[in-house]
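Taking it in order: structure first as structure tokens, then the write-up.
The values are calculated or read from the model by the stated rules, or taken from the named source; none is laboratory data. Keep in mind the model is a prediction, meaning the values are calculated, not measured. Here the Cβ is made from the backbone with ideal geometry for all residues, glycine too, and neighbour counts use every protein chain on show. These area figures cover heavy atoms from the full protein model, side chains too; ligands, DNA and RNA do not enter into them. Shrake-Rupley method; radii C 1.70, N 1.55, O 1.52, S 1.80 Å.
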Amino acid sequence: MSLKKKLVVVLGSKPGADIPLGDAVYCANAAIGYYAEAVSRFTQVVSVLSPDSIHPKERREGAPNREMNVRQWEMIIASRPDKMILTRSGYFEFLKEVLTEAGFRLPVEAVAAHERRALVGRLSGCYDPIVSGEFFRLSMRRKIRYAGSLTSTFLKRLFDRRKDCGSVFRPSTGILALVFAIADHGRDADYVICGIGAQKRDEYLDGRHIHGRDLPQHVFADVKVLRKLARRYNLFTTEPELEHLVPRYPASDEA
């Protein structure tokens with residue numbers, strides 16, 4: 001790893017993240033608030049958000065996890081990134097108004113589902129719906145459900161190729177933040193993944209397990225995309241659970 005290369009950190013909300021100082025940081029969802037002090041040290045800050053994280057419906061009375069959603073909203077509004085990227089374009093104008101009314105007036109852009117699909121595919125070679133080898137290790141009941149969701153996506157795209165697919169078959173906001181970082185900084189940068197894991201995401205987001213989800217959201221797609229990106233770009237991680245996918249940072253420690 002060349003010390004002269006630009007160092008770009010991709011940061012998620014997993015607690016206890018080991019965050020090196022770099023030239024730029026791409027924060028997934030509320031990580032920009034959870035790690036505000038560390039983020040403030042970077043020259044360039046980009047906030048990558050699922051639109052759900054700022055939609056008013058997530059903070060209404062009676063909404064699931066309302067208190068957590070309110071806290072995240074407040075952290076996002078208090079943040080001051082160089083720009084904000086929304087991972088879907090639905091309700092974009094409405095959400096810009098919501099942000100403006102809350103006093104957030106920094107640049108905001110949105111990536112439509114088909115644009116996101118094309119970008120992930122171009123950089124990693126994986127186009128959603130992304131199916132990985134983990135499918136073949138599922139129980140027969142879960143395979144049937146998995147296959148049903150896939151079939152639904154393909155049928156919808158017969159009529160509208162811009163249709164999005166289910167969350168099981170597309171990357172998470174954290175991996176999308178990595179994709180956006182690579183799109184901006186290219187092959188001449190080193191990328192360090194921090195605060196992003198592949199397991200128990202619901203637990204570290206709100207401290208308790210979310211019941212009723214039969215298939216893990218994003219995890220299968222994340223692992224496959226990360227493997228592909230690691231072969232093409234200079235990826236590292238400070239997360240022990242990702243070390244089977246990308247090298248540990250700093251790489252010199254392994255010598």
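Could you look through the stretch 41-68, keep only residues that are among the small types (G, A, S) and closer than 20 Å to S172 by Cβ, and pick out the one that is farthest from the chain's Cα centre (by Cα)?
S53
Quick one: would you say A198 is in contact with a Leu (Cβ under 8 Å, 6 or more places away or on another chain) and either assigned to a helix (DSSP H, G or I) or open to solvent by 20 Å² or more (accessible area, probe 1.4 Å) (or both)?
no
Looking at P81, P51, P64, P56, can you tell me which residue is surrounded by fewer than 16 Cβ atoms within 10 Å (Cβ to Cβ) and in contact with a helix residue (DSSP H, G or I) (Cβ under 8 Å, 6 or more places away or on another chain)?
It is P56.
I'm told E203 meets every condition in (1) under 30 Å from A78 (Cα atoms); (2) in a helix (DSSP H, G or I); (3) modelled with pLDDT of 90 or more; (4) not polar (S, T, N, Q) except one. Can you identify the failing condition by its number?
(3)
When you scan the stretch 125-132, do you find a residue that is crowded, with 17+ Cβ neighbours inside 10 Å and in a helix (DSSP H, G or I), even just one?
Looking for residues that are crowded, with 17+ Cβ neighbours inside 10 Å and in a helix (DSSP H, G or I), one finds none in the stretch 125-132, hence no.
What is the one condition in (1) open to solvent by less than 60 Å² (accessible area, probe 1.4 Å); (2) in contact with a Pro (Cβ under 8 Å, 6 or more places away or on another chain) that Y91 does not satisfy?
Tallying (1) open to solvent by less than 60 Å² (accessible area, probe 1.4 Å); (2) in contact with a Pro (Cβ under 8 Å, 6 or more places away or on another chain), Y91 fails exactly one: (1).
Let me confirm something: among R105, R80, R117, which residue is in a loop (DSSP other than H, G, I, E, B), charged (D, E, K, R), in contact (Cβ under 8 Å) with a residue 12 or more places away in the chain and on the phi < 0 side of the Ramachandran plot?
After applying the criteria, what remains is R80.
Would you be able to tell me the number of residues in the stretch 227-249 that are open to solvent by 50 Å² or more (accessible area, probe 1.4 Å), assigned to a helix (DSSP H, G or I) and without any contact (Cβ under 8 Å) to a residue 24 or more places away in the chain?
Counting residues in the stretch 227-249 that are open to solvent by 50 Å² or more (accessible area, probe 1.4 Å), assigned to a helix (DSSP H, G or I) and without any contact (Cβ under 8 Å) to a residue 24 or more places away in the chain gives 3.
Scan the stretch 20-43 and tell me whether some residue there is closer than 30 Å to A118 by Cβ, open to solvent by 40 Å² or more (accessible area, probe 1.4 Å), touching a Ser or Thr at 6+ places or on another chain (Cβ under 9 Å) and modelled with pLDDT under 95.
Yes.
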